[in-house]
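Report on one structure; see the data block that follows.
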């Protein structure tokens with residue numbers, strides 16, 4: 001164990017090209033997916049929180065249920081649509097980064113939307129009405145409401161990032177774990193460990209842990225600064 005740890009540390013500090021390429025691939029895929037999901041989730045969470053409509057409770061319950069959706073189920077559903085025999089097979093995106101993006105967006109969209117809704121629903125409901133009374137436009141009401149709940153919203157976005165950066169089902173099924181192309185930290189750890197390459201898997205695991213700690217420290221730092 002100590003020998004494997006020493007070799008893992010050596011791989012990290014010698015700048016092993018494959019290790020850092022895998023780490024960059026995971027970060028890039030996760031950041032793009034979360035950015036797209038956030039762009040969709042913020043307006044959706046805003047509308048759900050501040051608008052009354054029929055079926056609102058059922059929609060919220062559905063989103064909460066989707067928060068626990070297994071990653072392999074998402075991978076299976078998306079695979080069935082984008083495989084050659086599927087209705088979207090003509091796109092030819094299976095086993096590409098685009099396929100992983102699609103699966104990860106679907107994976108974290110309900111989580112971010114539900115958390116954004118929870119954050120905005122706790123705000124004073126008189127805020128949007130006051131802004132409208134003062135002559136604010138819809139875009140300004142949206143922007144000011146988002147700013148008011150920015151800490152909880154940031155927490156929601158970081159939770160979405162944590163959800164996708166550590167998942168393995170979508171990346172494995174839709175990306176194919178192709179070396180120098182779609183191999184991520186989690187899929188590489190699973191592969192290298194099964195091959196007996198425990199040192200490389202441990203090095204990748206250290207990077208994944210470092211990313212998780214960095215996300216949490218960032219969130220706590222922002223919250224402390226705001227207070």
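The values are calculated or read from the model by the stated rules, or taken from the named source; none is laboratory data. Since this is a predicted model, take the numbers as computed values, not measurements. Here Cβ is always computed from backbone atoms with ideal geometry, including for glycine, and neighbour counts include all displayed protein chains.
Tabulated results
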{"quantity": "Subset of the range 74-86 that is free of Cβ contacts under 8 Å to residues at least 40 places away in the same chain and part of a helix (DSSP H, G or I) - its residue that is farthest from residue 168 (Cα to Cα)", "calculated": "81"}
{"quantity": "Residue 201 more than 22 Å from residue 108 (Cα to Cα), out of contact with any helix residue (DSSP H, G or I) (no Cβ under 9 Å at 6 or more places or on another chain) and in a helix (DSSP H, G or I)", "calculated": "no"}
{"quantity": "Some residue of the range 106-121 being more than 21 Å from the chain's Cα centre (by Cα), more than 30 Å from residue 204 (Cβ to Cβ), surrounded by fewer than 15 Cβ atoms within 10 Å (Cβ to Cβ) and modelled with pLDDT under 85", "calculated": "yes"}
{"quantity": "Only one of 139, 145, 133 that is in contact (Cβ under 8 Å) with a residue 24 or more places away in the chain and either surrounded by 15 or more Cβ atoms within 10 Å (Cβ to Cβ) or within 25 Å of residue 46 (Cβ to Cβ) (or both)", "calculated": "145"}
{"quantity": "Test: residue in the range 87-98 that is within 25 Å of residue 220 (Cα to Cα), part of a loop (DSSP other than H, G, I, E, B) and either without any contact (Cβ under 8 Å) to a residue 40 or more places away in the chain or touching a helix residue (DSSP H, G or I) at 6+ places or on another chain (Cβ under 9 Å) (or both)", "calculated": "no"}
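A quick yes/no check of all residues on (1) over 14 Å from the mean Cα position of the chain (by Cα); (2) free of Cβ contacts under 8 Å to residues at least 12 places away in the same chain; (3) surrounded by 15 or more Cβ atoms within 10 Å (Cβ to Cβ); (4) under 30 Å from residue 178 (Cα atoms):
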position	(1), (2), (3), (4)
12	yes, no, yes, yes
38	no, no, yes, yes
43	yes, no, no, no
50	yes, no, yes, no
55	yes, yes, no, no
